[in-house]
Amino acid sequence: MRRRAGFTLIEVLVSLVLMAVVSLLVYGAAHAARETQARILDERRSLQSALAMRLLLEGALAGAQTVHLAPDTIFLLENRVSGRGIPQDRLTFVASGNLPPLSPGADWTVTLESTADGLRLMGGPMGVRMPSRRLALLPGITGLGIRVRDPGGGLGWIPDWNFPELLPEAIELTYWTDSGPVGVPLTVSIALGKVH
């Protein structure tokens, strides 16, 4: 018997099934690659925001100073805790305007606090009738823990600062999310302008 040219029905069905399996694998790999790329992009934006906030905060804290315009409060630390036990500390201090966005030629009242939107850095020039403006926002940070170096040197780091008319030697900032502290605390030596 002579064989006819062409494919049998089973051969065609097997080739269609194989093409479908290969197509699913390719589609799955392409979808996973797009998801990975989007996740990497989000992480990069998050890291860039965190770095920008850190640099801005370091610059403002390095410019923290005693100012003649400030009546009696130049460094105010308010300890607060959320209902879930996450630190919600608030820091307000006076800084010289030496780096953007803190304009030179003015002293600034700078406030750092966590909000529902994230960690917010606000600032307003002293002696000017102008509302404070948002200098930076770090989304995803739901809490802020602040400690200052004990001025006597005996206790190390303490959570309270009872001398609003004086600057502490150094401060330590710990960022928090709902799942706990994030990363290594930022330590700034104010008197010498050193950042660790």
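Within segment 126-167, the set of residues being out of contact with any Ser or Thr (no Cβ under 7 Å at 6 or more places or on another chain), of a type outside the set (D, E, K, R), over 13 Å from residue 79 (Cα atoms) and part of a strand (DSSP E or B) comprises 135, 136, 137, 157. Across segment 73-93, the number of residues qualifying as farther than 20 Å from residue 190 by Cβ and either among the small types (Gly, Ala, Ser) or free of Cβ contacts under 8 Å to residues at least 40 places away in the same chain (or both) comes to 5. The single residue among 38, 52 that is in a helix (DSSP H, G or I), in contact with a strand residue (DSSP E or B) (Cβ under 9 Å, 6 or more places away or on another chain), modelled with pLDDT of 80 or more and more than 21 Å from residue 178 (Cβ to Cβ) turns out to be 52. Taken as a whole, the structure leaves residue 107 outside the set of residues that are in contact with a Pro (Cβ under 8 Å, 6 or more places away or on another chain), surrounded by fewer than 16 Cβ atoms within 10 Å (Cβ to Cβ) and among the charged types (D, E, K, R).
Residue check: residue 100 meets all listed conditions (1) within 22 Å of residue 62 (Cβ to Cβ); (2) modelled with pLDDT of 75 or more but one, namely (2). Criterion first (under 22 Å from residue 186 (Cα atoms), out of contact with any helix residue (DSSP H, G or I) (no Cβ under 8 Å at 6 or more places or on another chain) and surrounded by 13 or more Cβ atoms within 10 Å (Cβ to Cβ)) does residue 135 satisfy it? Taking the combined requirement at face value, the residue does not satisfy it.
The values are calculated or read from the model by the stated rules, or taken from the named source; none is laboratory data. All values derive from a computational prediction rather than experimental measurement. No Cβ is skipped: glycine too gets one built from the backbone with ideal geometry, and neighbour counts run over all protein chains shown.
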